[in-house]
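First the structure, in the form of structure tokens, and then the observations on it.
The values are calculated or read from the model by the stated rules, or taken from the named source; none is laboratory data. Here the structure is a predicted model, which is why all the values come from computation and not from measurement. All Cβ positions, even for glycine, are placed from backbone atoms using ideal geometry, and neighbour counts span all protein chains on display.
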Amino acid sequence: MQAYLARRLLALVPALFFASLIVFVIVRLVPGSIIDMMLAQNDVGADKLSRDQLVATLGLDRPMWLQYFSWIGGILLHGDFGKSLWQNTPVRELLAARLPVTFELGLMALIVALLTAIPIGIYSAIRQDTAGDYLTRSFSILMLAVPSFWMGTMVMVFPSIWWGWSPEVKFVPFTENPVQNLKQMILPALILGTALSAITMRLTRTMMLEVLRQDYIRTAWAKGLSEQLVVVRHALRNALIPVVTLIGLQAPILIGGAVIVEQIFVIPGMGLLLLDAISQRDYPIITGVSLVIGFCVMLINLVVDLSYGLLDPKVRYR
Amino acid sequence: MAMAIDVPTTSARSERGSVFRFVGRLFREKPLGAAGGVIFALFLLCGLFADVLAPYGMNQISPRNRLLAPSLAHLFGTDNLGRDMLSRCLYGAQISVIIAFTTATLATIVSIVIGILTGYLGGKFDLIVQRFVDAWMSFPDLIILLVVVSVLGPGLPQIIFTLGLLLGIAGSRIIRSAVVSVRENMYVHAAQSIGASTGRILWRHILPNIMPPIIVLFTTRVGTVILAESSLSFLGLGVPPPTPTWGGMLSGSGRTFMFQGPWLALAPGLCLTVVVYATNVFGDALRDLLDPRMRGSR
């Protein structure tokens, strides 16, 4: 197990190297015009910083490889992501303030998705081809197609027209008032979790159907066990492994979706930070946010891989 | 050889009329998928003939008719500038069709090139490229898209280029795994042993035999692209206004007027949902019929 963990952590190194390279190169795709665009599109900064200052701040006057190594070196050695161009705040502080918010949103969405998807998926499988099965299945395929920004828009518009109710816009941090914070987050989490729950439900159903046909399930039935015991103890645990993999695969989609949901409900997380930075062309923030998000996705996938051992005693890490 | 028996439809090109037979099979075995296909075709037609079908111009402003509820004259109502929502949705379909098809084509070509080369050549080249693909896929699509657009600025060509590359690299995995399984077939070894060039083997022996996953990949990409483009437009970083896009209609100035005219929030979202839903079920049905091995993967 330890050797496996060490190897996996080691494998993160090349992945992170490529990831940092991707972020670095994308932002410098058009090195000459970045400055002009920043000055042209940002009235706030134009008078504060001169062109040469901007070039120096971004380090664009140095050779490309030197820029990369000083950038990545700063992150690795001092956790220094640079400073925001317009506010002069260290990007690290901004990231530290925003990451927990997005993490909370993502976690709540995941919990929502699993709490709805797994029971319905099981029900759909053990009552295969009944009306309830068809209904939940069609519903889940439909929910896959509904874009979260449309659902978010409708949640903002219709309750307000019908009942004069609209979601709270002023964000309350969890540490200040947990109850108020959770009340505020539950709606965005529901919307973010819907698409994930639809996919998870489909997979849970498919896997349950496959497992329920196995010999050991027949044995369990033959022993006279109750349905609950057969389904939960014998079938579910075996069916859940691919579902856990799916959650790892969905992590990037969940985080991408968080950007949109944060924008609609004005939640100050990583997504909103990124969008604001993009509208201000604040490149140190943009690179910092993307790198941290990429790293988070890799970590999630690592945790998912490690969790197989807990779910399935047959899995031995070598 | 097994491939040819497993997937009889690969020979569709050589057999006259087998396309019709395939469509017949689609309707018989997968009625929901066929319905999706019909809606998908309608969406295509709406996009192609938006200029003919739209009752009003896409930016025809009519201050007297602003914020009218849906009626016979304006089936989807009008917006805050008095523009007809039905016409704007039809022109939105046109933009979606253009972006979806060019991007899906580009993405599929990128996937094929990377997938075939890494899958067939293997070795160190494959290893390095695969690590790069790993890193690439650890970024959410939307994040890369946003970052690139922040550098290149919003616009149609940028979106097509970025999305094409983005989905192309991610999709190369599917093509690669198909190539790896085809590569070990007898006919490939036979071609290698008679000294056929790598290019010839890839073109004449590998490519025709991985057509089913390619077709399926292309179809599912169309839906993905439509959703991605509309998300981008919704965030104000897609095709700039006043060009009507489904995502853009749900954001921006239209958003403030939705409380007075809720139909503004309904029409574009409904178009989007119906088309993406239809594409999904159509793609699923195609996959089940053409490439049973991919069942359960998305």
| remark: Reported set for region B:74-93 where residues are buried (at least 22 other Cβ atoms within 10 Å of the Cβ), hydrophobic (A, V, I, L, M, F, W, C) and closer than 14 Å to B:F49 by Cα is B:C89, B:L90, B:A93
| Restricting to helices (runs of 4 or more DSSP H) lying wholly in region B:81-189: which have 3 or more residues that are within 30 Å of B:R255 (Cα to Cα) and either within 14 Å of another protein chain (Cβ to nearest Cβ) or polar (S, T, N, Q) (or both)? | B:85-121, B:141-152, B:156-183
| Can you name the residue in region A:125-138 that is touching a helix residue (DSSP H, G or I) at 6+ places or on another chain (Cβ under 8 Å) and of a type outside the set (A, V, I, L, M) and is also nearest to the other protein chains (Cβ to nearest Cβ) among such residues? | A:R137
| said: Residue under question is B:R204, and the condition is that it be within 14 Å of another protein chain (Cβ to nearest Cβ), of a type in the set (K, R) and more than 30 Å from B:F76 (Cα to Cα); does it hold? | reply: no
| request: Can you confirm whether region A:192-203 contains a residue that is under 22 Å from B:N280 (Cα atoms), in contact (Cβ under 8 Å) with a residue 60 or more places away in the chain, more than 14 Å from chain B (Cβ to nearest Cβ) and crowded, with 17+ Cβ neighbours inside 10 Å? | output: yes
| query | Looking only at region B:238-253, which residues are surrounded by fewer than 24 Cβ atoms within 10 Å (Cβ to Cβ), on the phi < 0 side of the Ramachandran plot and within 12 Å of another protein chain (Cβ to nearest Cβ)? | reply | B:S251
| Every pair of residues 6+ apart whose Cβ atoms lie under 9 Å, when the first sits in region B:41-65 and is within 12 Å of B:R88 (Cβ to Cβ) while the second is of a type in the set (D, E) and modelled with pLDDT of 75 or more | B:A54/B:D84; B:P55/B:D84; B:Y56/B:D84; B:G57/B:D84; B:M58/B:D84; B:Q60/B:D84
| Residue among A:I247, A:I260, A:I241 that is in a helix (DSSP H, G or I) and within 11 Å of chain B (Cβ to nearest Cβ) | A:I260
| remark: Filter region A:139-171 for residues that are at the interface with another protein chain (Cβ under 7 Å from one of its Cβ atoms) and β-branched (V, I, T); the one that is surrounded by the most Cβ atoms within 10 Å (Cβ to Cβ) is A:T153
| task | Say whether the condition of being over 30 Å from B:A135 (Cβ atoms) and not aromatic (F, W, Y) is met by at least one residue in region B:220-229. | result | no
| note | If you go through A:P90, A:P14, the only one that is farther than 17 Å from A:Y283 by Cβ and at pLDDT 75 or above is A:P14
| query | With respect to B:P268, is the statement that it is under 21 Å from the mean Cα position of the chain (by Cα) and either part of a helix (DSSP H, G or I) or among the hydroxyl-bearing types (S, T, Y) (or both) true? | reply | yes
| field | Where a residue in region B:20-33 is farther than 13 Å from B:D288 by Cβ and its partner, wherever it lies, is among the hydrophobic types (A, V, I, L, M, F, W, C) and at pLDDT 80 or above, with Cβ under 6 Å and at least six apart | value | B:F27/B:A34
